[in-house]
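The values are calculated or read from the model by the stated rules, or taken from the named source; none is laboratory data. If you're wondering where the values come from, they're calculated on a predicted model, not measured in any experiment. Virtual Cβ from ideal backbone geometry, glycine too; neighbours counted across all protein chains shown.
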Amino acid sequence: MALLARLKRPEDFRRVYTYGTSYVHRLMVLYVLPSGKDPSRIGLVVSKKIGKAVVRNKVKRRLREITDSTRVPGGFDLVVVARGRAREANFWTLHGAFSSLARRAGVLAEGESAAILAEEDK
């Protein structure tokens, strides 16, 4: 298990978009590219289509908290792109969407999947 670092450079985002695999949910899209580097890195994209700055920042804060609290094994570059409906979604709905996508992509650390499923059942 590793903490997530941040993707910052535009060429890193471009590489993940071009060569990575995408997983789609109605609230977000997750791009995953195996990188072989530890720790895994993540980038968040919340465009102006989501809303004005206050709304975009709220969505970014929620996504950052979700990704920071999720254990991802080392060796992946991830990009999370918020979609328009994310602006109305609450924290737990976004958390469920990210967990679902991460589970489908196979980027959850061992034991994380079971913990998320138990949490979603509550």
Anything in segment 84-100 that is buried (at least 19 other Cβ atoms within 10 Å of the Cβ) and without any contact (Cβ under 8 Å) to a residue 60 or more places away in the chain? List them, or say none. Ala86, His95, Ser99
Search result, residues across segment 59-70 that are free of Cβ contacts under 8 Å to residues at least 12 places away in the same chain and either among the charged types (D, E, K, R) or within 13 Å of Gly43 (Cα to Cα) (or both): Arg61
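Against the definition (loosely packed, with under 12 Cβ neighbours inside 10 Å and either more than 12 Å from Val79 (Cα to Cα) or of a type in the set (A, V, I, L, M, F, W, C) (or both)), how does Ser47 come out, yes or no?
yes
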Residue pairs within 6 Å by beta carbon, gap of at least six or interchain, first lying in segment 6-26 and touching a residue at least 24 places away in the same chain (Cβ under 8 Å) and under 15 Å from Phe76 (Cα atoms), second assigned to a helix (DSSP H, G or I) and of a type in the set (D, E, K, R), listed first then second, are Tyr23/Arg104
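Given the criterion more than 11 Å from the chain's Cα centre (by Cα) and crowded, with 18+ Cβ neighbours inside 10 Å, identify the matching residue among Gly36, Gly20.
Gly20
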Segment 101-115 - residue that is surrounded by 14 or more Cβ atoms within 10 Å (Cβ to Cβ) and not in a helix (DSSP H, G or I) and, of those, modelled with the highest pLDDT: Val107
For Gly43: the one exception among (1) modelled with pLDDT of 90 or more; (2) assigned to a loop (DSSP other than H, G, I, E, B); (3) not β-branched (Val, Ile, Thr): (2)
Restrict the check to segment 50-69 and report whether at least one residue is in a strand (DSSP E or B), touching a helix residue (DSSP H, G or I) at 6+ places or on another chain (Cβ under 8 Å) and either at pLDDT below 95 or surrounded by 14 or more Cβ atoms within 10 Å (Cβ to Cβ) (or both). no
